[in-house]
Structure formats: C-alpha cells, structure tokens
Amino acid sequence: MSFSRRILLTSAPTNLYQDRRFVVGMAVLCCLLWGSAFPAVKVGYALLHVAKTDTASQMLFAGWRFLAAGLILLALAVLTRKPLAVARDQVGQVIGLGVFQTTLQYVFFYIGLAHATGVKSSIMNATGAFFGVILAHFLFKDDRLTPRKVAGCLLGFAGVLAVNLGGKGLDFEFSLLGEGFVVAAAFVLAAASIWGKSISRKVDPLVMTGWQLSLGGAGLLAIGFGLGGHLGGFDARSLALLAYMAGLSAAAFALWSLLIKHNPVGMLAVFNFLIPVFGVLLSAVFLHEPVLAWKNAAALALVCAGIWLVTRKPA
C-alpha cells in the first residue's frame, strides 16, 4: 500500500476506524513503521557522521525528520481541502502538544539514551504502554482497567524482556539521567497521546498531527542548533533516508491519531510493545545484527498474546 493511499484513509468513514480487524491491522502497521525507524536511525547516524554521544546533533537529525513529516501532512491537508487554520481557543493546545509530545519527549529520550544502554532503554521505554493504560483508567469512564488488560500488558512487557535477553548492559542499576529520563519520555508520550485524543475532538486529526510534528520538530532544531549540533555528509543516500523517515513518521503518527480518536487508549497502548520487537527483527534483516531466532519468536508470540487478550471482544 502506497504512502499516499495510507494517508488518504483519513477520509474513510468513522465506523471503519472502529472495526476491530481494521484497527488491529492499522495499529500493527504503525508499530512496524516505528520499528523500522530503529535501523533507519542507526544508518542515518552513520551517513551523517553523528556520534552515539552527540546528543545535540541527534536532536538536529530528529528535528529535520519531524519538521519534514509535519510539512508533508500539512501539504496533504491542503490537497484534501482541509483548513489549516485552528480555532483560536485550540491554538495554545496544539502548540503545547507539539512541544510536549515531540520536543520534550525526544529531549528526555535522547538524553536518557546517552546515559543508558540500548537494551535497558528499550525495556524502560516499553513502560509507556503501562502509563497509557493506567492514565486512561482514571481519565475515561469507558476505558477502565480490567484483569485482561493487566494480563495483556504483562505478556507484552515479557515479550520486550525476551527480545532483549542476552543483550549487553542488562543489569539492575538505575540512574536519573539514564533510565529515569527514558521512563520520563515514555510517560510524556503516553500522556500526550491522551491529550491529543481530547484535542482531536475539535481539530481535524490530520491537521493537528501536521502542526504538532512541525512545531515539535522546529523545537528540536532550535535546541540542536543552540547546543552546537552539526550534521555533515548530506548526499543522495542520506537525503533519501531522511525522506523515508519523514514519510514513515507522517503516515504512522497521522494514522495513530485517527485510531486514538475513535478507540479506547487502553486498547491501543498494548500495541506499543510491538515496536521494540519489530525494531530488533528489522535491525537483524537490514543491519545484519546477530539475533537469536528463538527469543525473537518467543517475544513476538508473547506480545501477540497480550494484544489478543486486550483487544478480543468479551464473550
């Protein structure tokens, strides 16, 4: 399915976004796209000569990615004749969402990643699904915590643990700047998703996501340049990779915003456990990183079992 066709699904009728099979398929697609960002970011850092500890340049890379993604969505909104203007009483909320969901979340994430191992960061970042389910329980009367949701989240988290078994740097040490900031990033993203659900009731999700990514990306660029970040080595390959990452971000975030608008947050949160699993699998395929097939199969089975528990219709 082409990128344009995926995005044009935004014109589909509301009941399609509440069809269980469609929702599951699109949520898995979003997580697959986000998972593909793991190897893409690694390749991007190599092409643009960004060191693992160069947080400022990493923020520049993320800033260009999200700014481009937002502009893609805003251009698509114009093509589909959606008004870009946001009601005066919603402007502050849309700006706040951009700063909160994109800028602040990635500041926490990149600083945390620089002070923690990739394995522990992957595990700690998976706590976002728990935050989403718990916050939804207190904020939405129709999205209460149930034994099935708890069991599903535990199975999903077990899958994230399984895919990281044997990884270097897996220990029980905890630091505020490392693991603490990664957990903070996960919480910010979970809270922002719920905030975005509220905003999307009055602002078109495509327009909301376009402004959110554009403003958040601009914020990351400002921080990156302010801290002395630099990207070098721009050529056809690096630009093509950046275009792919902007495209996947635009497609995944726009589609996810639509799913969040029409479905319970707690039901969708468990799908986030698929992202690190897809990230490991795709890194093995495209970067030829060593993997243990059995642990990846076990991880995928555990996450899928968790998703089935949370999304299945009660008898």
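The values are calculated or read from the model by the stated rules, or taken from the named source; none is laboratory data. Just so you know, these numbers come straight off a predicted model, no measurement behind them. Note that we place each Cβ from the backbone using ideal geometry, even for glycine, and neighbour counts take in every protein chain shown. Ligands, DNA and RNA are stripped out before the accessible areas are found, and what is left, the full protein with its side chains, is counted by its heavy atoms. Shrake-Rupley method; radii C 1.70, N 1.55, O 1.52, S 1.80 Å.
Listing for the model above:
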quantity: Filter result for LEU170 (at negative phi and at pLDDT below 80); calculated: yes
quantity: Residues of the stretch 218-260 satisfying the condition of being under 14 Å from the mean Cα position of the chain (by Cα) and small (Gly, Ala, Ser); calculated: ALA246, GLY247, SER249, ALA250, ALA251, ALA252, ALA254, SER257
quantity: Candidate set from the stretch 267-308 (those that are modelled with pLDDT of 75 or more and touching a Leu at 6+ places or on another chain (Cβ under 7 Å)); member that is most open to solvent (accessible area, probe 1.4 Å); calculated: LEU302
quantity: Count - residues of the stretch 219-240 that are in a helix (DSSP H, G or I) and buried (at least 18 other Cβ atoms within 10 Å of the Cβ); calculated: 6
quantity: Positions within the stretch 53-71 being assigned to a helix (DSSP H, G or I) and either open to solvent by 60 Å² or more (accessible area, probe 1.4 Å) or over 18 Å from LEU213 (Cα atoms) (or both), in sequence order; calculated: THR55, ALA56, SER57, TRP64, LEU71
quantity: Near pairs, Cβ below 9 angstrom, 6+ apart or cross-chain, from the stretch 23-34 (surrounded by fewer than 21 Cβ atoms within 10 Å (Cβ to Cβ)) to any residue that is outside any helix (DSSP H, G or I); calculated: VAL23/ASN263; LEU29/MET1
quantity: From the options VAL50, VAL41, residue that is modelled with pLDDT under 90, surrounded by 13 or more Cβ atoms within 10 Å (Cβ to Cβ), within 30 Å of GLY226 (Cβ to Cβ) and over 19 Å from the mean Cα position of the chain (by Cα); calculated: VAL50
quantity: Residue in the stretch 70-85 that is at pLDDT below 90 and either more than 21 Å from the chain's Cα centre (by Cα) or aromatic (Phe, Trp, Tyr) (or both) present; calculated: yes
quantity: Tally, over the stretch 184-235, of residues that are over 25 Å from HIS49 (Cβ atoms) and either of a type in the set (D, E, K, R) or in contact with a strand residue (DSSP E or B) (Cβ under 8 Å, 6 or more places away or on another chain) (or both); calculated: 4
quantity: The lone exception for ASP89 - which of (1) touching a helix residue (DSSP H, G or I) at 6+ places or on another chain (Cβ under 8 Å); (2) in a helix (DSSP H, G or I); (3) surrounded by fewer than 22 Cβ atoms within 10 Å (Cβ to Cβ) it fails; calculated: (1)
quantity: The one condition in (1) surrounded by 22 or more Cβ atoms within 10 Å (Cβ to Cβ); (2) more than 14 Å from the chain's Cα centre (by Cα) that GLN105 fails to fulfil; calculated: (2)
